[in-house]
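Presented below is the structure to which this report refers.
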Amino acid sequence: MPMQSHLPAGDFRTTYAADTVIFPTAAGRYAAVAAVVLLCFAPLVLSQYWLSILIQIGYLAIAALGLNILVGFTGQISIGHAAFFGLGAFTSAYLSTKLSVPVFFSIPLAAVITAIVGLVFGLPAVRLKGLYLAIATLAAQYILLDFFSRAEWFTGGTVPAIAEPFRIFGFTLRGDRQYFYVVLVYLVLSFVLTANLMRTRDGRALVAVRDHYLSAEIMGINLTKYRTLSFGLAAFYAGIGGALYAHYQEVVSNEGFTIDRSILFLAMVIIGGLGSVMGTLMGTAFMVLLPEAMEWISALLRGGPIDQALALRNNIAFLREIAIGMVIVLFLMFEPDGLVHRWRRIKAYWKLYPFSY
Amino acid sequence: MNTQLLVQLLANGFVVGTLYGVVAMSFVLIYKATQVVNFAQGEFLLIGAWFCWWMLTKYQLPFYVGMPITLVFMVLFGIALQICVLRPMVGEPIISVIMLTIGLATVFQAAMKWIFGTNLQPFPPIFATQTVNILGLQVQTVYLMSLIVSLVMMAGMAWFFHSSKYGLAMRATAFNQQVAQSLGVPVKTVFAMAWAISAVVSAVAGVVVAVVNGVSAGLSAYGIKVFPAVILGGLDSIAGAVVGGIIVGLLENVAHFVDSEYLHWGNLYEIAPFYVLIVILMIRPYGLFGTKDIERI
């Protein structure tokens, strides 16, 4: 079927292949390619500050994508995602410094190791669901964090672990301007990979497990396999995100991987839209920009009456946490389908303008 | 082997365990009556304790005035929370509700830090005498009070469920919401009441802990400790929650004893319940007293 610039008004698809295309219109595909190309020029124009924010969005979005596969596509839940993110970071740091594995290989290797640990913690998931799983992953979060603080050979204990900078073909990529490309490549790869995963037999099996696991099992889907698999995948992406974080910061310390970070990942996925690949990116951008926006607002208000009444300068950290929690609650109550749904509504509105109703 | 230390730790574990039991009980109450898993249970303790502390220090109220005001506040708080936030979520998937309570927990915790600061604040002393002599043992009055309050709350809960009209309504709702509603049980009232009772009971536990240890953000850790307790006891069993709480309290202290005497790994006190939690989930996810649910299409 040839690519169309507009969708027909109705469902005229006749093949499964046409039903599972990633970009239903040519315009959508060109827009995605153009966005990536534009991003390639970002380091030339944007300031250091904005680049660091973009890099942050990049590695967090990769990890959040893993969580979305688990929560949004498979309908499992994890409150321990930050621990896997941390495991990826520490593993890659350990491989690159202690075992002197080149960073180019240590990132995927760290992701594989994280995925294996994820599979181990996913084993209870075979028997558990919903709430029990939430509690099991909560326990995993505490156990892994305890392990990080205990295993000094691995994490350095109280001293932060050192991670080597990213090196490829003898070039060292460090600093925001160069590292940006590393994150961009990984980001595009992960998103293309995930979008395609959802078109395969395995991806559809995951969705079937989410929608009705008993029916899925009766139709011959191996529940054990797909539940553990989704845990492994989630941990794999968390591992990549964590490893990218490690080589960006070049030091990894224990503090960044607490349950608060896990909640932040959950928030990204909820706000972006459960079960939406593009939504994950939107949600991550939202959650990264929210604290920054609060910083700007408090800077604007500095010295004003509101600033004095609320003591913004001292309490900005708490206000940020409140904002994160409020955003989760409000989105779940009023927009459970996330930003991606809102975005579709806006697009539909303008497509039909001025005859929208 | 240091027997005296062990006895001391076991006694501590029992006292703390009964408190865990009380908090677990109020967690199970919400779960049974409204099918909501409340990840913000620990924050109820925190809010109750801070509010009581605020009444007692800021307004210099005596304890027997400040405490009832706290309880009234918690009743209103529980009802408001149920009506404004949880009621719109009825019928939503369980994962959404879990994440909603996680969001609430984040908000409450940060709000408490914002309002009251991050420092540990000592509670004004409530008892004139610090220790009492029981059978030759010097027991701190606050521990004794903690134990008595916990036992009284457990007895009160048992009475409520078995002998009061609303307790019966709540059990009926827990058994089957639709049937209960069609028989004239006011399910909305029952839901609001479950949250109110749970908030009050948690707040009492919070005040008790605060009297012993002072008030700080660390109080909400009790909300996390609840999970090993309820999983051990069975999620839908109130008696199981109490037993589970006591077991977790004892277990923590035994782990601490083994750690300090033999292993020297450090921090085993904190982490041991979570290992037990994982093991229980693997072998018997419905717990010691919970009902095993069988699903049909």
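No value in this document is a laboratory result; all are computed from the given coordinates. None of the values given here were measured: they were computed from a predicted structure. Every residue, glycine among them, receives a Cβ derived from its backbone with ideal geometry; neighbour counts consider all protein chains shown.
Below are the figures for this structure:
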| quantity | calculated |
| --- | --- |
| Inter-probe distance in nm under a simple model that places probes 7 Å from Cα toward Cβ, at A:ALA151 and A:LEU352 | 5.4 nm |
| Value at 222 nm in deg cm²/dmol, rounded to 500, when DSSP H runs of n ≥ 4 in chain A each add -39,500 (n - 2.57) | -24000 deg cm²/dmol |
| As computed over region A:29-176, the Cα convex hull volume per residue (Å³) | 147 Å³ |
| Most positive-pole-ward Cα, A:SER106, A:ILE316, A:ALA161, against dipole of region A:46-352 from beta carbon charges | A:SER106 |
| Interchain or long-range residues, amide H under 5 Å from A:VAL251's placed H | A:ALA163 |
| Max mean-square fluctuation residue, GNM over chain A, Cα-Cα springs under 10 Å, options A:ALA235, A:ALA27, A:ALA136 | A:ALA27 |
| Per-selection metrics, region A:46-352 (Cα): Rg and Dmax in Å | 19.7, 65 |
| Flagged links, alpha-carbon separation over 32 Å, of A:LYS351/B:LYS188; B:LYS58/B:LYS165; B:LYS225/B:LYS292; A:LYS225/B:LYS292; B:LYS165/B:LYS292; B:LYS188/B:LYS225 | A:LYS351/B:LYS188; B:LYS58/B:LYS165 |
| Cleavage-rule hits (trypsin sites (Lys or Arg not before Pro)) in region A:88-179: DSSP loop, at most 16 neighbouring Cβ within 10 angstrom | A:LYS98, A:ARG174 |
| Label point distance in nm, B:CYS84-A:ILE22, each placed 7 Å from Cα along Cα→Cβ | 4.4 nm |
| 20 Å cut-off, amide nitrogen to a point 7 angstrom out along A:LEU301 Cα→Cβ, residues in region B:113-128 | B:113-118 |
| Footprinting exposure proxy for A:MET219, B:MET99, A:MET198 (fewest neighbouring C-beta atoms within 10 Å first) | A:MET219, A:MET198, B:MET99 |
| A:HIS212, B:HIS256, A:HIS247 arranged by Cβ crowding within 10 Å, fewest neighbours leading | A:HIS212, B:HIS256, A:HIS247 |
| For B:VAL215, residues with placed amide H under 5 Å, excluding near neighbours | B:GLN121, B:PHE123 |
| Normalised convex hull volume, the protein assembly as shown, alpha-carbon set, Å³ per residue | 199 Å³ |
| Extension gain from A:PHE104 to A:PHE41, taking 0.36 nm per residue of separation minus the Cα-Cα distance | 20.4 nm |
| Estimated [θ] at 222 nm from DSSP helical runs (n ≥ 4, -39500 (n - 2.57)) normalised by residues in chain B, nearest 500 | -24000 deg cm²/dmol |
| Computed E for B:ILE283/A:LYS225 - FRET, C-beta separation, R0 35 angstrom, nearest 0.05 | 0.95 |
